[in-house]
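The values are calculated or read from the model by the stated rules, or taken from the named source; none is laboratory data. Just so we're clear, the structure is a prediction, and the values are computed from it rather than from any experiment. Here the Cβ positions follow ideal geometry from the backbone for every residue, glycine too, while neighbour counts run over all protein chains shown. Side chains are part of the model used for accessible areas, which takes the heavy atoms of the whole protein and leaves out ligands, DNA and RNA. Shrake-Rupley method; radii C 1.70, N 1.55, O 1.52, S 1.80 Å.
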Amino acid sequence: NFGSAPSVTVGGTPLTVTSHSATQVQVIVPASLVAIPGSLDVQVTAGGMPSNALGLAIEAPPSIASINPTSATVDGPAFTIAVDGAGFLPTSVVQWNGVALSTNYRSSALLQASVPATDLSGAGDVQVTVLTDGVTSNAQPFTISTIPTLTQISPLGAIVNSAGFLLTVSGGNLAEGDIVNWNGAPLTTSFA
């Protein structure tokens, strides 16, 4: 019963009708009306008679506050990553460098996704994002690192009660920030 000249308001703002029939009216909703999360009433007036109003939900875009874990090792086992944030919906999907992961919706603030072992085949940084209804969240970095291997230490021994000494550790996959441990206790370490 929209008649020949219906008018439409969204959130109380009159909008220009772009096309209509007896059962359907189309309008362009400007970005300014959907800039703030909430709900807007949509109403059609035809022949001077206003229709009932229906709510148009304006959702906040998805955002990630943190992920857990934040790193793994190359060729490690499959695991589940927890993504904490806001604006998640049951249709939200966790993405691994833009590729969708099998995702479980827990709440509007928590998603869990399965990361297969095949996604851990090379060292480097991965960007974790959430895609919700075509909108992508901010990215959180995830680091895939290699396991350090030791091939040599120098010197090979020390005399009891001798003075402290400089221990040189050589190997592979060593990186800035690695710590040398002496019987499980961290030593002051510099990267060469």
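You will find that of L15, L40, L54, the residue that is within 26 Å of G85 (Cβ to Cβ) and either under 26 Å from the mean Cα position of the chain (by Cα) or not β-branched (V, I, T) (or both) is L40 and no other. All conditions in (1) open to solvent by 60 Å² or more (accessible area, probe 1.4 Å); (2) outside any strand (DSSP E or B); (3) not hydrophobic (A, V, I, L, M, F, W, C) hold for Q26, with the sole exception of (2). Counting only residues that are open to solvent by 20 Å² or more (accessible area, probe 1.4 Å) and either farther than 14 Å from Q95 by Cα or among the basic types (K, R) (or both), region 111-136 holds 6 of them.
Check region 62-84 and report whether any residue there is open to solvent by 60 Å² or more (accessible area, probe 1.4 Å), assigned to a loop (DSSP other than H, G, I, E, B), within 19 Å of V135 (Cα to Cα) and of a type in the set (S, T, Y). So far as region 62-84 goes, no, none of its residues is open to solvent by 60 Å² or more (accessible area, probe 1.4 Å), assigned to a loop (DSSP other than H, G, I, E, B), within 19 Å of V135 (Cα to Cα) and of a type in the set (S, T, Y).
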